[in-house]
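Below is one structure, written out as structure tokens, with a few remarks after it.
Just so you know, all these numbers are worked out from the coordinates, no wet-lab data involved. Everything numeric here is computed off the predicted structure, so don't read it as measured data. Note: ideal-geometry Cβ built from the backbone for every residue, glycine included; neighbour counts use all protein chains shown.
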Amino acid sequence: MSSSASTNHPTCADELRASLVGGWKLESYVYVALPPSTTGPFHPMTKKVQGILLYTPDGYMSAQMQIPGQPKFEVGKASEAQWAECARRYFGYSGPYHIREENGTVTLRHEFRISYRPDLSGDVQIRSWRFEEGGNVLILGSEEPTMVRGELRTPQLRWRKLENNAKQDESRASA
């Protein structure tokens, strides 16, 4: 679903797909409590979370997020505790995305074809969406609230459009 408050509001499936395609850098990931709660936002992966979201023109997506700061280690010598810490600091999934237009509403779905969490593999989730700052910021959420820390909350992930890396590569090659 989309919000009419956006500054770049795709009104059909093709417009939404064109607006999504490319790379996005995560700016924030919070769970917001539903009214009448006055509890502040909860940052499930800390305020320092980093992430990249990719949408391809042919209908695939990949979302990767991590909590930075884990000390480096040598793979062949890593302890189980070090590997467990890697898992605690990471979340990612990939698969097809689907855009449907029904009764004037454009719906975005993410299909979890591959997921860090096995319980999500095969799941399809509807994403609420809106664009801000002329289409340079994408706000994603979920249709259904989730019980987090004893309250119903909705996730809000704020993504900023990345520059076209292919154009950067072309300019570097000519230098």
* Asked: What is the set of long-range amide H partners of E27 at a cut-off below 5 Å, with H atoms built 1.01 Å from backbone N?
  -> R158, W159, R160
* Please say if the range 15-102 is rounded, prolate or oblate, where rounded means a/c under 1.5 for a ≥ b ≥ c the square roots of the C-alpha gyration tensor eigenvalues, and otherwise the choice is prolate for a/b larger than b/c and oblate otherwise? => oblate
* Asked: What residues qualify as long-range amide H neighbours of L152, i.e. H under 5 Å apart, gap of 5 or more or another chain, H built at 1.01 Å from N?
  -> L34
* Assign one of three labels to the chain, namely rounded, prolate or oblate, based on the Cα gyration tensor with a ≥ b ≥ c the square roots of its eigenvalues; rounded applies when a/c is under 1.5, prolate when it is not and a/b is larger than b/c, and oblate otherwise. => oblate
* Structure fact -> Exposure-ranked with fewest Cβ neighbours within 10 Å first, V49, V148 stand as V148, V49
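Can you give the helix-only mean residue ellipticity at 222 nm for the chain, where every DSSP H stretch with n ≥ 4 adds -39500 (n - 2.57) and the sum goes over all residues, rounded to the nearest 500 deg cm²/dmol?
Taken over the chain, the calculation gives -4500 deg cm²/dmol.
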* Asked: What ranking do L162, L34 get, fewest neighbouring Cβ atoms within 10 angstrom at the top?
  -> L34, L162
* Structure fact -> Scoring the chain by relative contact order with C-alpha pairs under 8 Å, at least six apart, yields a percentage of 27 percent
* Which of the lysines could be linked to K72 by a straight reach, that is with a Cα gap under 25 Å, when you skip same-chain ones fewer than 8 residues away? -> K25, K47, K48
* Asked: What residue among T154, T56, T39 shows peak mean-square fluctuation when the chain is described by a Gaussian network model with Cα springs under 10 Å?
  -> T39
